Structures are given as C-alpha cells and as structure tokens.
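Worksheet: one structure, shown below.
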C-alpha cells in the first residue's frame, strides 16, 4: 500500500501554494477544544451557549435553528447540539427570539469551561428559586472535588 502513496518530497514538489491549510499549526494547540470552526467570520470564531438555569423551555430557538438547538428531554430546557448546525444569521435570529436572553455567543475557550461547569449544575424544578439550584450545584461540585482527591 505504501508503494502507491507519493513520497513527502513528491508532495512538496507538486504543491502550488494554493492548497488549504485547514488549521495548520493551530490544529495542535493545547487550548483547542476541537469545536472551533476551521473557516468562518468574526462571529463564528465564537460558540453558542445556552444558560439552562435561565431557560424557560419556550422552544423558540429550537424552532428557528433546528440544526443547532434541541430541547433536552428530562428538564425541557434548550441545549446546543451542534455549533455549526446553522448559519450565523439563523443562530442570531434564534438568539433574538429568546424571551429571557439565555442564549449567548461565547469564546471557544470559555465554552469549554462552561460546558465543564454544566456537568455539575442542578436544573431547578419549576417554582423553586434559582439560588437554591446554584447552591446545590456548588455543593455537588465540592463533593466531586473531594471524591477525586480521596481516590488515588
């Protein structure tokens, strides 16, 4: 099989300088989350994030940008399923239709941190104050850290 593949020197000779780089040196960047778009404008250098505690489950975003948002079945809150599911105009329209402004453009490095924190957040049951859910999430996060320290 290796006989059929061109050697590195042959590949270098055949390049005309117009080949797409597709990330190049940025591909191996340790800060890279793997969710960044390879190409895109200023807006698409950012990701979309839904603050699920604030979300009221109105379904507007999921109806407007069907390939980006979906309604999480357990709590009925919106969640981003694909960062590149829809064009930025459609995603912006979905953000604009949100009645409680719980959808935000965030930097990809911040998105990774927010998604990590979301693992420990508690979604409040309708009628309970949000502060109680935030407190429960913080308590669960501390328990998880203690558990990780104890286990070798």
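The values are calculated or read from the model by the stated rules, or taken from the named source; none is laboratory data. In this text the structure is predicted, and so the values were computed from the model without any measurement. Don't worry about glycine lacking a Cβ; one is built from the backbone with ideal geometry, like all the others, and counts go over all protein chains shown.
Is it the case, given these coordinates, that residue 122 is modelled with pLDDT under 90 and either part of a strand (DSSP E or B) or more than 21 Å from residue 71 (Cα to Cα) (or both)? Working first, answer last.
Working: modelled with pLDDT under 90: yes; either part of a strand (DSSP E or B) or more than 21 Å from residue 71 (Cα to Cα) (or both): no.
Answer is no for this residue.
Scanning for something modelled with pLDDT under 85 and over 30 Å from residue 146 (Cβ atoms), does region 48-58 turn up at least one residue?
Checked region 48-58: no residue is modelled with pLDDT under 85 and over 30 Å from residue 146 (Cβ atoms).
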